[in-house]
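J.: One structure, pasted below without further comment.
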Amino acid sequence: MILLTEECNGHSRNNSIEDRGTQLPGHTETDRLQQNKDTVFFRDGVRRIDFILSYLDDKDGEKKQERRREFEANLRKAGLELETEDKSDSDDLKTYFLKIHAPWEVLATYADVLKIKVPFKESDIPHGQDVPLEWLSRPFRLPEKVMRPQPDYFTSPFDKDKIDFFLIKNRDTFFPPSTRNRIVYYILSRCPYYKEDRKETDKKGIKRLLNNGTYTSAFPLHDCRYWERNTNEQCESERYHLYKNWARFLSFYKEQPLNLIRKYYGEKIGIYFAWLGFYTEMLFFAAVMGVICFTYGVLSYDDNLTSKEICDPSIGGSIVMCPLCDKKCSYWKLNSTCLSSWQSHLFDNEGTVFFAMFMGIWVTLFLEFWKRRQAQLEYEWDLVDFEEEQQQLQIRPEFETRCTDQRLNRITQEMEPYLPLPKKCGLFCLSGVTVLFWMLLIVACITGVIVYRLAVYAAFASIMKDSPTKKIHLVGSLITPQLATSVTASFINFVIIMILNFFYERVAIWITDMEIPKTHLEYENKLTMKMFLFQFVNYYSSCFYVAFFKGKFVGYPGNYTYMFGKYSRLRNEECDPGGCLIELTTQLVIVMTGKQVCGNIQEALLPLLRNWWCSRKARKDQYSRWEQDHDLQNFSQLGLFYEYLEMVIQFGFITLFVASFPLAPLLALCNNILEVRVDAWKFTTQFRRPVAAKAHNIGAWQEILNVVAIFVQIYVFIAFIMAFTSDMIPRLVYLYAYHPGSEATMSGYINNSLSVYDISQIPLLSTPEEGAIPAWFNSSFITTCRYRDYRYPPGHQRQYSHTMQFWHILAAKLAFIIIMEHVVFVVKFFVAWLIPDVPSEVKARIKRERYLIQEYLHNYEVEKLKIQLSQSFIIEAKPEVCTTTDKHDVLSECL
């Protein structure tokens, strides 16, 4: 939809009192700037600046000067109008600025080439029906002029030969600035810089000129300063409205002005913020369910018989547990894990099962409703018949430079560079080996962290055997060897994750460059897959270990399993009697929260420091609009890549491992509310205005989200965590099958879940040292110890082998996984069938628009032919006029 707006004319006038009142601290020095420099127009105040190129006057830049001369001459031949600002007028006295304006003829020609949709009739379809209790949403709404900066139009691809078919009120303002800069960039990316007598087809495009240093930057201008309106009252000052209503954190509870974002920045950036906002809205429902699940754990705190038995001195205090490590660890009483058992109950309770099933269904709802929202945006933003723009499929300058082989293009019948298949396969194999090496490096680092856990646990157990931490006020009694090992290992793992992430990001870019992708779209997709694959292993591997490996391959006293063999003395870790879920919770909280905090510091704090430093340097009386934008950060082609990556990694955390921490969606919701405003602040205040680009979806990230959803739904990742990490299934089996009394209760569960071992049979290698044995341990009275497993006691004919209850619990776990998989799978397909990808209202609007286009084109052609026929006849006799009228009717019917 195209808005017919009135642009600024660049005339200067004094700031109003209202504008002065909205200025930010630190900007008073810029109030004295001459307004004629802070303009988006040429010196004549009429022609709008559509693009800016900057360059330096190098002493050894004769080749660059020649390239610039040829390039600018070819731009003039293409119809663009240029105006240069001398370096003496710039802030640093070194930079030249080339201003570019596209006149109507150029805009009309390329709008026809690019098939840009423009309005031909105002929409007669109402925005929507009145919603009951609509007044409740008014505090969250923005003003209508911000939410809908332009009327709704029926649109059609622009045709230069049918100018009067479209709603053109003013040619200067018919194409909005975002469309104008897109057209100019299209010309810049294809304009050659070779002389006419030398046809060097590889020498074309502004990207190559930026790469070889001929120009230092290329960017469209912001329409005003972000902290004040433009001095012209008729100017919309869209950047100012975006900052005021969208980028400030105090607007966190307000809806996003997506139409204004799309109008100012283009569809590609608009679709990102639409997806981020929709994802945040859907997180609200997951967060509510997570809080309900956690609240249930808190309210049922006193009804937890398992924890009561562990903490009871007569039950848990009388149960002596076998040592958790060799030599340094001693026998310990079960009630020493009283606190961790209560903590486990907060997250590992009956409500967690229902929450896990809810999250499996939530993933399907999120993806299905996003498809509907995306279809609605495709219609509203004229992307229904969108195909990838030629500029996205344009050959990369690096590909043209490094590929010396040529072959005939069957479509264009022109010679073009190409990468031979043997070389392509060799580069692909080298890239694959590099990615595999880094993944093995991650596995090695995780193995190192596991070794740390095994080795340090014994050290912590030795240090804390006399309870020196009890002397620490408030928290001393909470510190146990298990907690100390888990927390320190999680922090070390997080530091390793961030270090590997820092280096691999550069390696991924390097190996992607080495593969020499042909197009920018191919480059971005390859880098996306490499980065996500690495990040998936890097961030999730430690959680995988705790969820599926820790405590699963321990063995039993007298036959323990060791990580690197018996003589390494690194015995595999055991879980607490309450299960490993609380440790998975600790791991998830530290890694997920740490990543979000570091990301927000990097995105918000560092730009603020840079802003402060730059504001100290820029204190000049002359500071033009192009210089202000030149000093901002460049928005690279991969600018949105890192934003998507951060959110998709978070999506994996809250779906794959959410059963261990129901409050994870709440943390993600709080982070995303801040993330939306931080990203908005960066776009409006820290970045140059990006070139408007089209995109009808979120690209390769949609497929990645689908893959994560497959892990959650089809492979029922959450069900595996509930079955093999949580202690829920063993408790249910005991409750309904092995409880000795007539009434089904959990009393006696702890004693039932612990097996017995004869202390005299413990090998010398595993026997605690003399100094490690606590004072309360009397070997004369205590002859057995307990361990977490289901095995026959000593003296039984099948002593230390698994009991039948173990196999019943295993069967119950597998049955739970299968049942949950089928339930989620059926619900997934039912929801997908129930919710159509495209809303019926959108389908009706699309059909209505296509019908109107055909009808209006028909009437337009008929009227055009009538005018032509009437001009071909002068005055005819009355009967002849009737004949002509009949001819018109027949012609109208034929058309």
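The values are calculated or read from the model by the stated rules, or taken from the named source; none is laboratory data. These figures come from a predicted structure and were not determined experimentally. All Cβ positions, even for glycine, are placed from backbone atoms using ideal geometry, and neighbour counts span all protein chains on display. These accessible areas exclude ligands, DNA and RNA; they are computed on the full protein's heavy atoms, side chains included. Shrake-Rupley method; radii C 1.70, N 1.55, O 1.52, S 1.80 Å.
J.: Amide H of residue 327: which non-local residues (sequence gap of 5 or more, or other chain) have their own amide H closer than 5 Å, using H built in the peptide plane?
T.: 767, 769
J.: At a Förster distance of 30 Å, what's the computed FRET efficiency of residue 773 paired with residue 796, Cβ-Cβ distance as r, to 0.05?
T.: Efficiency for this residue pair is about 0.60.
J.: At a 1.4 Å probe radius, which order do 701, 776 fall into by accessible area, largest first?
T.: If we order 701, 776 from most to least accessible, we get 776, 701.
J.: So, one more: What are the ³J(HN,Hα) values, in whole Hz, obtained from phi via the Karplus relation 6.51 cos²θ - 1.76 cosθ + 1.60 with θ = phi - 60°, for each residue of the range 439-455 in sequence order, with x given for Gly and Pro?
T.: 5, 5, 5, 4, 4, 5, 5, 5, 4, x, 5, 5, 4, 4, 4, 5, 6
J.: Please list, in chain and number order, the residues 5+ apart from residue 321 or on another chain whose amide H is under 5 Å from its amide H, with Hs placed from the backbone.
T.: 332, 333, 334, 786
J.: Pop out the ³J(HN,Hα) list for the range 759-772 in order, Karplus 6.51 cos²θ - 1.76 cosθ + 1.60 with θ = phi - 60°, rounded to Hz; leave Gly and Pro as x.
T.: 4, 5, 8, 5, x, 4, 5, 9, 5, x, 5, 4, x, 7
J.: Another one. Residue by residue through the range 638-647, what is 3J(HN,Hα) from phi via Karplus (6.51 cos²θ - 1.76 cosθ + 1.60, θ = phi - 60°)? Round to whole Hz and write x for glycine and proline.
T.: 9, x, 7, 4, 6, 5, 4, 4, 4, 6
J.: Could you tell me the accessible area of residue 442 in Å² (1.4 Å probe, neighbours in place), rounded to the nearest ten?
T.: Estimated to the nearest 10 Å², residue 442 gives 0 Å².
J.: Relative contact order of the range 265-414: what whole-number percent is it, with Cα pairs under 8 angstrom and at least 6 residues apart?
T.: Over the range 265-414, the number comes to 22 percent.
J.: Quick query: amide H of residue 121 versus all other amide H atoms, modeled in the peptide plane; which residues come in under 5 Å with a sequence gap of 5 or more or a different chain?
T.: Close amide H contacts, sequence-distant or interchain: 154.
J.: Another question, if that's okay. Round to the nearest 0.05 the FRET efficiency obtained for residue 160 and residue 285 when R0 = 60 Å and r is the Cβ-Cβ distance.
T.: 0.75
J.: Packing-wise, with mean Cβ within 10 Å as the measure, how do 824-833, 797-806 rank, highest first?
T.: With the highest mean Cβ count within 10 Å placed first, the list reads 824-833, 797-806.
J.: For the range 255-727, calculate the relative contact order in percent as a whole number, restricting contacts to Cα pairs under 8 Å that are 6 or more residues apart.
T.: 28 percent
J.: If you don't mind, another one. Working with all protein chains in place, sort 666, 421 by solvent-accessible area computed with a 1.4 Å probe, largest first.
T.: Correct descending sequence by accessible area is 421, 666.
J.: Which order do 679, 161, 86 take by accessible area at a 1.4 Å probe, largest first?
T.: Listed by decreasing accessible area, they come as 161, 86, 679.
J.: What pairs from 308/595; 77/162; 77/682; 77/145 go past 32 Å between their alpha carbons?
T.: Going by Cα-Cα distance, 308/595; 77/682; 77/145 fall outside the 32 Å limit.
J.: Quickly rank 257-264, 590-597 as a protection proxy: mean count of other C-beta atoms within 10 Å, highest first.
T.: Order by mean packing, descending: 257-264, 590-597.
J.: Follow-up. Ranked highest first by the average count of other Cβ atoms within 10 Å around their residues, in what order do 341-348, 558-565 fall?
T.: 341-348, 558-565
J.: Once a ≥ b ≥ c are taken as the square roots of the eigenvalues of the Cα gyration tensor of the range 138-267, is the result rounded (a/c under 1.5), prolate (a/b larger than b/c) or oblate (a/b not larger than b/c)?
T.: oblate
J.: While we're here: Take the Cβ-Cβ distance between residue 784 and residue 350 as r, set R0 to 45 Å, and report the resulting FRET efficiency rounded to the nearest 0.05.
T.: FRET efficiency, residue 784 to residue 350: 0.85.
J.: Right, another one. Rounded, prolate or oblate: which fits the range 232-276 when a ≥ b ≥ c are the square roots of the eigenvalues of the alpha-carbon gyration tensor, with rounded for a/c under 1.5 and prolate only if a/b beats b/c?
T.: It is oblate, given that a/c is not under 1.5 and a/b is not larger than b/c.
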